[in-house]
Amino acid sequence: MLAMDVVDTLRHRRLLVARELNTEAREQTLIDRLREIYAAQGIDVPDHILAEGVAALHEERFVYTPPVPGIGVTLARIYISRGIWGKALLAIMASIIAVTIVYTTLISGPQQRRLAALPLELAAQRQAIIELSTLAEARDRADQYLKQGQVALREDDTGAAGKAIASLKALRELLEQEYTVRIVSRPDESSGIWRMPDLNPDARNYYILVEAITADGRTLTLPVRNEEDGRTYKVSRWGLRVDEQLYRKIAADKQDDGIIQNRDFGVKQRGQLAPEYVMPTTGAAITSW
């Protein structure tokens, strides 16, 4: 410690050091002067300590030498300054973790569960159809949609798999429906119309207007293909094509007292794909007039 103090004293007495070291006098002269300095302060410093201090000054033993720049020095400085950047880094990491948790919980997780459930949902919808109907056509369509969905899943095409499931659901809902196809018979509404085909202006197509009524009196909206443009529309009322004889018979029934006595045109039963008509019709339809 005394040697360090001697060196410190020498550094603070730069003029003395410079003068003594720049002369050709021996180091003993410098030691004598140092002894006088300490004696003036009432400090008794042994000669060997003074000599050690002078030697340390020459050797720069207690001088701080900055380290040579390099990756080690850079890493050390980064570590030392961790109090500055550490909080910012922790905040960034916390934000990343929070975003990851939210994404996993609200987006990725549900998507993965939905993907895992697709094969089961395909099989379940197909099985429901098999239990609903004994119709070969219904079962064949169910098997077709099932295969389409399975192929889509093997190709990781979740969109196509979803469409296959939607088709199965629509088929199941169609089979579940029960209603009566009933002729529209209200005083202020038409019960039938006729049209002139564009390709044969001399001919007429006759249609009886009908609607689907459930057992509890609800009117259903159903997909109906329009034979005039080939497109399918969801409607609550449509026209079924009939021959002229039936058209005029129903018209006469309504004109008699304003009421059609026999309004039931057909019945759609559970497990069936289409209604069973009790009046003659081609099954062709129109959806607007």
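Readers should treat all values here as calculations from the given coordinates under stated rules, not as data from a laboratory. What you see is a predicted model; the values in this text were computed from it and never measured. Virtual Cβ from ideal backbone geometry, glycine too; neighbours counted across all protein chains shown.
Taking amide H as placed 1.01 Å from N in the peptide plane, residue 265 has its amide H under 5 Å from the amide H of 181, 182, 183, each at least 5 places away in sequence or on another chain. For the range 148-240, calculate the relative contact order in percent as a whole number, restricting contacts to Cα pairs under 8 Å that are 6 or more residues apart. In percent, rounded to a whole number, it is 19. Under 5 Å from the amide H of residue 284 lie the amide H atoms of 241, each residue being 5 or more positions distant or on a separate chain, with H modelled from the backbone and absent for Pro and chain starts. Candidates 102, 153, 164 compared by Cα position along the dipole of the range 82-176: farthest toward the positive end lies 102, with charges placed on Cβ. Going from the residue with the fewest nearby Cβ atoms within 10 Å to the one with the most, 167, 133, 190 rank 190, 167, 133.
Exposure proxy check: 176, 211 ranked by fewest other beta carbons within 10 Å? The partial results should precede the final answer.
Details: 176 13, 211 20.
Going from sparsest to densest Cβ surroundings: 176, 211.
The residue 71 and residue 102 beta-carbon pair, evaluated with R₀ = 51 Å, returns a calculated FRET efficiency of approximately 0.85. Put a dot 7 Å past the Cα of residue 89, heading toward its Cβ, do the same for residue 150, and the two dots end up 5.4 nm apart. Evaluating 6.51 cos²θ - 1.76 cosθ + 1.60 at θ = phi - 60° for every residue in the range 229-238, the Karplus couplings come out as 10, x, 9, 9, 10, 8, 9, 9, 8, 8 Hz, glycine and proline recorded as x. Legend: ranking of residues 184, 242 from fewest to most surrounding C-beta atoms inside 10 Å; resulting order 184, 242.
Measuring from label point to label point, each 7 Å out along Cα→Cβ, what is the residue 189 to residue 284 span in nm? Going by the 7 Å Cα→Cβ label model, 2.5 nm. Given their separation in residues at 0.36 nm each and the Cα-Cα distance between them, residue 130 and residue 255 gain 40.4 nm when the chain is fully extended.
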